[in-house]
1. Search the range 138-153 for residues being of a type in the set (Val, Ile, Thr) and either free of Cβ contacts under 8 Å to residues at least 24 places away in the same chain or in a loop (DSSP other than H, G, I, E, B) (or both), and hand back the single one that is surrounded by the fewest Cβ atoms within 10 Å (Cβ to Cβ).
2. I'm checking my understanding of the structure. Among residues of the range 324-337 that are open to solvent by less than 80 Å² (accessible area, probe 1.4 Å) and either free of Cβ contacts under 8 Å to residues at least 24 places away in the same chain or part of a strand (DSSP E or B) (or both), which one is farthest from residue 282 (Cα to Cα)?
3. Is it true that some residue in the range 362-380 is out of contact with any strand residue (DSSP E or B) (no Cβ under 7 Å at 6 or more places or on another chain), within 28 Å of residue 232 (Cβ to Cβ), among the small types (Gly, Ala, Ser) and open to solvent by less than 40 Å² (accessible area, probe 1.4 Å)?
4. Taking the options 305, 310, 361, 354, name whichever one is aliphatic (A, V, I, L, M) and in contact with a helix residue (DSSP H, G or I) (Cβ under 6 Å, 6 or more places away or on another chain).
5. Within the range 155-163, does at least one residue satisfy the condition of being open to solvent by less than 30 Å² (accessible area, probe 1.4 Å), touching a Phe, Trp or Tyr at 6+ places or on another chain (Cβ under 9 Å) and either free of Cβ contacts under 8 Å to residues at least 40 places away in the same chain or assigned to a strand (DSSP E or B) (or both)?
6. Count, please, the residues in the range 280-300 that happen to be part of a strand (DSSP E or B) and within 23 Å of the chain's Cα centre (by Cα).
7. Assuming residue 353 fulfils every condition listed in (1) buried (at least 17 other Cβ atoms within 10 Å of the Cβ); (2) in contact with a His (Cβ under 8 Å, 6 or more places away or on another chain) apart from one, which condition is it?
Amino acid sequence: MKYIESTIRDKLIDQLDIFGEELTFLKKEKFLPNDKGTRGFVDLLASDSMNRFVIIELKRSRGASREAIHEVLKYIEGIKENKSLKNNEIIAYIVSTEWDELLVPFSSFVKDVSYSVRGYKLVVDIDLNPIYVTRVEPLNIKNERILSNLHSIALYTEEQNLKKGIESYINSFSKKKITDYVLLILKANKNLYSYTGFSKNEISEWKKIFKEYKYLIYSSVQTMTDEEYWSIIKTDKSLYEEVNEYVNDWSDKDISINLHLYAVEDCEPRPFFDYYEISYPAKLATKLLKEEKWEIQNIIRSGGLKNNNLLTDETILQELTGSDGLDRIRYFKKFNSKNSSILKKIKEEVSICLEFNPYWLSGVIKAIEEITEISKTKIFTGNIS
């Protein structure tokens, strides 16, 4: 197999124009020395018209293709160290004749790194001569759990209605092929109406006019791609026609929000409810749980949220109430200095939460960086809120 790869590599040297770029060959099997352990031999090293180094990593077999991501990561870090490069001064080409096993890890890799990575499927003839390449586009995959900030509230007057509502939510999501979601089941505090600030007479009159809701389903789904939202909307012909009338009027930042609302909340079948409204993290945290003191009865999970037995209900509740900062209103996270990756994640999330408050952002990021330095030599726990 090494012979096959080396043969293709040697023949590719004279056909770098196959990529449709102005590439200049520099060296094959370029050794990258590095005292930090990322040394290795790059299959092909070239430069492009933008004066960037181009690492070309070639794989032939399915088994070898799975190793390509690890190799590219090692080589990129090695050449950055060896030649003191910035991320925008390097680009990697992953070239393989087989992509069945490579596409998913490649897609995840491209999304996570801050430098340019391209994928190419190479077609060779019986004599291993390169014929042509086609650009491989990464899949739009979900790299991590992100519960949508667009929630829904369904209120019920009786327990039997609540049970019907739970069944209808599960059925609705199943028919829409929404697998990752959470249903928070709440019961009204027996003193709920005293929290409204009305007098007893006012509350009595209010109950004559309006229904008294005793139960609540609070739902949130994991964020999906626009393509996934569209696939749901297309199952409802009239809704699909309606969305197509308005989509061109939406700004880029509103497209995903509106598609979510149409697909998750408006597309048939909708769940059963006595009263329904859209909600958001701050409303759950402040109004429902803090002010009105609704009592949590159960947390129903589905899909990956159910399969993750290390994911606690406490963590889910924190995310539902906006502790990850994505709603740019509140943020809370516990951390342990032994987990170095969590401080990096906190820095990313705080940057989102304080996106529109540069003065606070600057100070908080500085504090996180100082904590990160301390964590290299000391073990401690803490929280940021």
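The values are calculated or read from the model by the stated rules, or taken from the named source; none is laboratory data. Values in this document were obtained by computation on a predicted structure and should not be read as measured data. As a convention, Cβ positions derive from the backbone with ideal geometry for all residues, glycine included, and neighbour counts pool all protein chains shown. Keep in mind that these areas ignore ligands, DNA and RNA; they rest on the heavy atoms of the full protein, side chains included. Shrake-Rupley method; radii C 1.70, N 1.55, O 1.52, S 1.80 Å.
1. Step by step, filter the range 138-153, then rank; the result is 141.
2. At the first step, the residues of the range 324-337 found to be open to solvent by less than 80 Å² (accessible area, probe 1.4 Å) are 324-327, 331-333, 335-337.
Then keep just the ones that are either free of Cβ contacts under 8 Å to residues at least 24 places away in the same chain or part of a strand (DSSP E or B) (or both); that gives 324, 331, 333, 335-336.
Values: 324: 12, 331: 11, 333: 16, 335: 23, 336: 26 Å.
My answer is 336.
3. no
4. Numbers: 305 fails: in contact with a helix residue (DSSP H, G or I) (Cβ under 6 Å, 6 or more places away or on another chain); 310 fails: in contact with a helix residue (DSSP H, G or I) (Cβ under 6 Å, 6 or more places away or on another chain); 361 fails: in contact with a helix residue (DSSP H, G or I) (Cβ under 6 Å, 6 or more places away or on another chain).
Step by step, each of 305, 310, 361, 354 is checked, and only 354 is aliphatic (A, V, I, L, M) and in contact with a helix residue (DSSP H, G or I) (Cβ under 6 Å, 6 or more places away or on another chain).
5. Yes, the range 155-163 has at least one match.
6. Residues that pass the stated criteria total 2.
7. Condition not satisfied by residue 353: (2).
Yes/no per residue for (1) of a type outside the set (A, V, I, L, M); (2) assigned to a strand (DSSP E or B); (3) modelled with pLDDT of 60 or more; (4) open to solvent by less than 30 Å² (accessible area, probe 1.4 Å):
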residue	(1), (2), (3), (4)
25	yes, yes, yes, no
30	yes, yes, yes, no
38	yes, no, no, no
41	yes, yes, yes, no
45	no, yes, yes, yes
51	yes, no, yes, no
54	no, yes, yes, yes
57	yes, yes, yes, yes
68	no, no, yes, yes
